[in-house]
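Asks: Just passing along the structure, written as structure tokens.
The values are calculated or read from the model by the stated rules, or taken from the named source; none is laboratory data. Note that the structure is predicted; figures quoted are calculated from it, not measured. Don't worry about glycine lacking a Cβ; one is built from the backbone with ideal geometry, like all the others, and counts go over all protein chains shown.
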Amino acid sequence: MGGKKKPRISLLARSALFFLLTLFLSLLVGLLFARKYVFEDAISRSYAISAGATTAAMTSLGSADGFYELFSDEEYRESIHKTFHFICEKTETDVLYLNTVDENQKRHYIVAAAKDDYTDELMQDTISFDMIDEEELYPAEVRVLEGKSDGEHEFYHTDSGYMCMFVRPVSSQGKIIAFVGASYDMDDILEESKRNLYFIAGLVILVFSIALISSLILMRKSIFVPVRSLSDRMRSFTQDIDSHVPKRKTIFSDEITDMESSFYEMTENMREYVGEIKTLTSDKVQVETQLDVARRIQSGLIPMEHFVLGDGCEIYGIEKPARAVGGDFYDIFRLDSDRICVVVGDISGKGVSAALFMVMVKTGIRENIKGGRSLAETFSSLNREICFSNPETMFATVAVMILDTKTGVLKYLNGGHELPLLLSKNADYLELDAGCALGLFDDAKAGEKEIRLSDGEGLLIFTDGVTEAVDDERKQFGKDRLKELAGNYHSKHGERYDCEGLIKDIKSGLRDFCKEAEQFDDITCAVLIYRGNEKERRRLTMDLASSLPVIRDTIFGCISDEERAKTIILVCEEIFTNIVNYSGAKEVSFYCERTEEIFAVSFFDDGMPFDPVTVNLRDKTFEELDTGGMGIKLARMNTKEMVYNRIDNTNQLVLRFLSNDSNRN
Amino acid sequence: MTIEKTIDGTEATLAIEGWLDTNAAPELLKALDELESDTESLVLDLSKLEYISSSGVRGIVSAYKKMNGALKVRGAAPGIMSIFKATGIDKKLSFE
């Protein structure tokens with residue numbers, strides 16, 4: 001709807017108006033023609049009457065010889081007059097007369113009779129034999145005298161109305177000696193014709209009106225009412241698609257019932273389609289929701305970024321799938337107080353199936369290695385398991401490494417994955433057998449290598465999403481460019497690689513290379529750097545005076561928000577003080593991890609079992625507060641989650657906090 | 001951490017600056033021991049205190065006990081106050 005509301009004239013009113021107009025016009029035209037017809041009809045009838053009267057008069061006259069002498073006799077004149085009067089009455093002729101004409105073209109009356117008795121007597125009294133009429137001759141009389149025909153007629157108008165006159169010559173011996181004239185008043189005939197005309201017109205109007213009214217009633221019943229109800233149904237259908245309107249019952253079928261059944265069919269179809277669309281839409285929403293859930297589960301399993309800062313190493317991993325759920329993954333986890341494991345992998349294909357496969361591979365590697373298997377055992381065991389049941393014939397390339405932070409020894413396994421860049425004085429690709437991907441053959445072997453990293457040396461492990469990123473000319477980023485980029489970063493920043501800085505450089509390098517070509521964000525890589533020399537510096541000894549500043553500096557190095565850092569430092573201080581004062585531990589190691597959601601601090605100590613998570617803390621009075629126990633309470637209050645495990649005579653405590661970003665959100 | 005002591009008659013003020021953690025707490029206890037014997041009331045000026053842990057809180061409880069309640073706390077930052085509240089000592093302390 002919208003715009004100006006148009007004036008409404010119903011179809012019924014419009015057709016009635018149209019009918020009336022047609023009737024009016026046809027009557028107008030009909031009357032015009034009828035008038036002409038009526039006049040002509042009157043003329044011909046009056047012509048015939050007057051002509052007939054003169055013929056009769058002529059017959060009564062007999063021979064014209066001795067005409068004048070005969071009429072001199074009054075008796076004869078009287079008999080002729082009677083005859084004439086009789087003719088007048090019979091033929092309805094008004095006047096019948098017999099005249100002679102002299103040389104001066106003047107009439108000489110002989111006999112004149114009228115139809116009605118009063119006029120007839122009046123004429124007998126006023127007109128005498130051979131009386132001269134002073135009036136001019138009528139043109140018809142003149143034409144008769146000229147001898148051109150044996151009868152002339154003429155119409156003229158008098159006070160009493162239209163008259164028709166007929167004149168015949170009376171000849172004797174080839175000479176016109178007199179003429180007989182008859183006058184007939186046409187008005188009666190005209191009146192009669194008019195009456196007939198009006199009767200016919202009235203009849204026409206009546207018939208027309210009956211036809212009009214009955215056709216309007218018929219049209220109203222068969223067209224207007226069904227059309228209106230159809231339009232009402234259409235309106236109600238657009239407002240509520242589920243409104244069922246029963247079909248109208250009719251005896252006959254016509255265009256309107258055709259339209260109605262078409263509409264009925266259309267609404268049924270539309271209802272069906274709309275239902276289908278609704279189902280499809282809800283299916284689509286469901287699929288999208290499931291994808292969204294998959295993505296959230298995946299991002300929960302693989303943080304978009306994961307930074308680890310511990311005693312002896314620094315690791316940074318990122319994963320950004322180009323699509324909702326990607327097939328690339330990485331994993332960083334600690335085996336014990338000294339060893340840390342990094343995994344980078346790439347699943348063939350994308351989407352939910354790839355994501356599920358990825359979860360299986362990632363979990364499989366983690367559980368096998370945590371369960372104490374070597375890299376090679378882990379690979380072959382998992383490979384067999386996958387090959388045993390792999391209906392989608394998916395496969396995964398993996399790179400798995402374990403760094404011993406005490407010695408700098410790095411065990412590296414490559415299962416068909418891109419070879420990593422060794423970050424040393426120069427950046428160079430590590431040389432080893434690339435091995436075979438997981439899930440291809442059940443007897444596949446992976447490449448293995450053991451290297452010893454010096455302080456500041458590390459590895460960059462990436463997926464082909466990095467090297468195969470293309471620019472707008474479909475040219476690939478390539479391994480050489482990546483090597484060059486890592487080398488440049490090294491020479492720019494001296495011997496100390498910074499994980500986060502290198503990854504930032506790789507990201508901006510890719511962005512510069514790809515420009516607007518495509519979303520390059522399908523980038524997954526991890527940087528591991530061995531910090532052997534820092535191990536001593538970052539080691540927590542049983543001396544609080546030297547260890548507390550180490551904790552403080554490390555956390556300040558990870559958390560930029562000062563107040564937030566202080567709260568985390570408070571928790572760490574309370575936990576660490578507790579370990580030092582009560583556990584009898586000889587060695588404590590700790591490391592920090594940061595993802596986009598969580599900041600976590602882990603403490604590993606070899607002291608007596610002590611679980612700060614479940615230990616029962618009695619509420620103390622104010623006076624008792626200076627005796628201790630308050631620290632664990634403060635620590636619990638200020639952590640999001642505290643997880644304690646006792647593994648291999650080691651207390652493993654993980655303190656989890658919300659990351660800055662998540663906290664802000 | 002540094003502790004600055006000022007004396008006004010029988011009222012002593014200890015202005016504590018920096019980090020009052022496990023390592024620094026003994027210094028506070030030492031400063032309390034060194035208070036003049038005629039000190040009747042103590043003010044702890046915490047306006048420059050950046051950090052306090054449970055050891056520091058215990059030190060303040062010790063000060064309260066030593067002064068038999070004649071202790072006032074001045075200028076504690078919101079972060080410090082929240083730890084006072086978390087440990088419940090804010091109910092006993094009087095703040096200026």
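Asks: Failed condition for A:Phe556, given (1) surrounded by 13 or more Cβ atoms within 10 Å (Cβ to Cβ); (2) more than 20 Å from A:Pro612 (Cα to Cα); (3) away from chain B (no Cβ under 12 Å), with all others met?
Replies: Of the numbered conditions (1) surrounded by 13 or more Cβ atoms within 10 Å (Cβ to Cβ); (2) more than 20 Å from A:Pro612 (Cα to Cα); (3) away from chain B (no Cβ under 12 Å), the odd one out for A:Phe556 is (3).
Asks: Could you count how many residues in the stretch A:469-511 are acidic (Asp, Glu) and at pLDDT 85 or above?
Replies: Total satisfying the criteria: 3.
Asks: Using the structure shown, decide if A:Phe199 is exposed (fewer than 10 other Cβ atoms within 10 Å of the Cβ) and more than 22 Å from A:Thr93 (Cβ to Cβ). Don't jump to the end; show me each part of the working.
Replies: Details: exposed (fewer than 10 other Cβ atoms within 10 Å of the Cβ): no; more than 22 Å from A:Thr93 (Cβ to Cβ): yes.
Taking the combined requirement at face value, the residue does not satisfy it.
Asks: Here is a further query. Hey, among A:Lys82, A:Lys115, which residue is within 26 Å of A:Ile189 (Cβ to Cβ) and either basic (Lys, Arg) or at pLDDT 85 or above (or both)? If you could, list the steps in order and put the result at the bottom.
Replies: On the way: A:Lys82 fails: within 26 Å of A:Ile189 (Cβ to Cβ).
Just a single option satisfies the conditions, and that option is A:Lys115.
Asks: Sticking with this structure for a sec: Among what's in the stretch A:512-538 and is in a loop (DSSP other than H, G, I, E, B) and modelled with pLDDT of 75 or more, pick the residue that is surrounded by the fewest Cβ atoms within 10 Å (Cβ to Cβ).
Replies: Pass one, the stretch A:512-538, residues in a loop (DSSP other than H, G, I, E, B): A:515-522, A:531.
When the remaining residues are screened for being modelled with pLDDT of 75 or more, the result is A:515, A:531.
Working: A:Lys515: 10, A:Arg531: 23.
Restricting to residues being in a loop (DSSP other than H, G, I, E, B) and modelled with pLDDT of 75 or more, the top hit is A:Lys515.
Asks: Here is a further query. When the stretch A:399-426 is examined, which residues are found to be out of contact with any Asp or Glu (no Cβ under 8 Å at 6 or more places or on another chain) and assigned to a strand (DSSP E or B)? Steps first, answer last, please.
Replies: Here is the first cut: in the stretch A:399-426, the ones out of contact with any Asp or Glu (no Cβ under 8 Å at 6 or more places or on another chain) are A:400-403, A:407, A:415-416, A:420, A:426.
The answer is A:Val400, A:Met401, A:Ile402, A:Leu403, A:Gly415, A:Gly416.
Asks: For the stretch A:10-62, what are the residues that are of a type in the set (Ser, Thr, Tyr), farther than 30 Å from A:Arg77 by Cβ and part of a helix (DSSP H, G or I)? Reasoning before the result, please.
Replies: Of the stretch A:10-62, the ones of a type in the set (Ser, Thr, Tyr) are A:10, A:15, A:22, A:26, A:37, A:44, A:46-47, A:50, A:54-55, A:59-60.
When the remaining residues are screened for being farther than 30 Å from A:Arg77 by Cβ, the result is A:10, A:15, A:22, A:26, A:37, A:44.
A:Ser15, A:Thr22, A:Ser26, A:Tyr37, A:Ser44, listed by residue number.
Asks: Scanning for something of a type in the set (Asp, Glu), within 14 Å of chain B (Cβ to nearest Cβ) and over 58 Å from the mean Cα position of the chain (by Cα), does the stretch A:583-598 turn up at least one residue?
Replies: In the first step, residues of the stretch A:583-598 are kept if they are of a type in the set (Asp, Glu); the result is A:587, A:593, A:596-597.
Cutting the leftovers down to within 14 Å of chain B (Cβ to nearest Cβ) gives us none.
Taking every residue of the stretch A:583-598 in turn, none turns out to be of a type in the set (Asp, Glu), within 14 Å of chain B (Cβ to nearest Cβ) and over 58 Å from the mean Cα position of the chain (by Cα).
Asks: Going by the conditions given, is A:Val601 among the β-branched types (Val, Ile, Thr) and within 13 Å of chain B (Cβ to nearest Cβ)? Step through it out loud before you land on a result.
Replies: Numbers: among the β-branched types (Val, Ile, Thr): yes; within 13 Å of chain B (Cβ to nearest Cβ): no.
Answer is no for this residue.
Asks: So for the stretch A:282-293 (the condition being touching a Pro at 6+ places or on another chain (Cβ under 9 Å), surrounded by 11 or more Cβ atoms within 10 Å (Cβ to Cβ) and acidic (Asp, Glu)), does at least one residue qualify? Outline the logic, then answer.
Replies: Keep residues of the stretch A:282-293 that are touching a Pro at 6+ places or on another chain (Cβ under 9 Å), which gives none.
Scanning the stretch A:282-293, I find no residue that is touching a Pro at 6+ places or on another chain (Cβ under 9 Å), surrounded by 11 or more Cβ atoms within 10 Å (Cβ to Cβ) and acidic (Asp, Glu), so the answer is no.
Asks: Which one is surrounded by the most Cβ atoms within 10 Å (Cβ to Cβ), of the residues in the stretch A:23-67 that are in contact (Cβ under 8 Å) with a residue 40 or more places away in the chain and among the aromatic types (Phe, Trp, Tyr)?
Replies: Only one residue tops the list, namely A:Phe67.
Asks: Right, next: What strands (runs of 3 or more DSSP E) completely inside the stretch A:246-347 contain at least 2 residues that are touching a helix residue (DSSP H, G or I) at 6+ places or on another chain (Cβ under 6 Å)? I'd like the intermediate steps shown before the answer.
Replies: Details: elements: A:305-310, A:313-320, A:328-334, A:339-347.
Answer list for the stretch A:246-347: A:313-320, A:328-334, A:339-347.
Asks: Here's a follow-up. Output the number of residues of the stretch A:119-131 satisfying the condition of being in a helix (DSSP H, G or I) and over 16 Å from A:Ser183 (Cβ atoms).
Replies: Step one: of the stretch A:119-131, the residues in a helix (DSSP H, G or I) are A:119-126.
Adding the requirement that they be over 16 Å from A:Ser183 (Cβ atoms) leaves A:121, A:124-126.
Of the residues in the stretch A:119-131, 4 are in a helix (DSSP H, G or I) and over 16 Å from A:Ser183 (Cβ atoms).
Asks: Let me ask something else about it. Which one of these does A:Tyr109 not meet: (1) modelled with pLDDT of 85 or more; (2) closer than 24 Å to A:Tyr47 by Cβ?
Replies: Among (1) modelled with pLDDT of 85 or more; (2) closer than 24 Å to A:Tyr47 by Cβ, the lone unmet condition for A:Tyr109 is (2).
Asks: Exactly one of these conditions fails for A:Thr577: (1) surrounded by 16 or more Cβ atoms within 10 Å (Cβ to Cβ); (2) within 25 Å of A:Phe307 (Cβ to Cβ); (3) β-branched (Val, Ile, Thr). Give me its number.
Replies: (2) is the only condition that A:Thr577 fails.
Asks: Oh, and also: Just to verify a result, which residue in the stretch A:635-656, among those that are aliphatic (A, V, I, L, M) and more than 13 Å from A:Phe576 (Cα to Cα), is modelled with the lowest pLDDT? Talk me through it step by step, then tell me what you get.
Replies: So the first thing to find is which residues in the stretch A:635-656 are aliphatic (A, V, I, L, M), and the list is A:635, A:637, A:642-643, A:647, A:653-655.
From the residues that got through so far, the ones that are more than 13 Å from A:Phe576 (Cα to Cα) too are A:637, A:642-643, A:647.
Working: A:Met637: 89, A:Met642: 93, A:Val643: 93, A:Ile647: 85.
Among residues in the stretch A:635-656 that are aliphatic (A, V, I, L, M) and more than 13 Å from A:Phe576 (Cα to Cα), the one modelled with the lowest pLDDT is A:Ile647.
Asks: How many residues are part of a strand (DSSP E or B) and either touching a helix residue (DSSP H, G or I) at 6+ places or on another chain (Cβ under 7 Å) or facing chain B (nearest Cβ under 8 Å) (or both) when one looks only at the stretch A:621-643? Steps first, please.
Replies: Restricting attention to the stretch A:621-643, the residues satisfying the condition of being part of a strand (DSSP E or B) are A:641-643.
Adding the requirement that they be either touching a helix residue (DSSP H, G or I) at 6+ places or on another chain (Cβ under 7 Å) or facing chain B (nearest Cβ under 8 Å) (or both) leaves A:642.
Residues meeting the conditions: 1.
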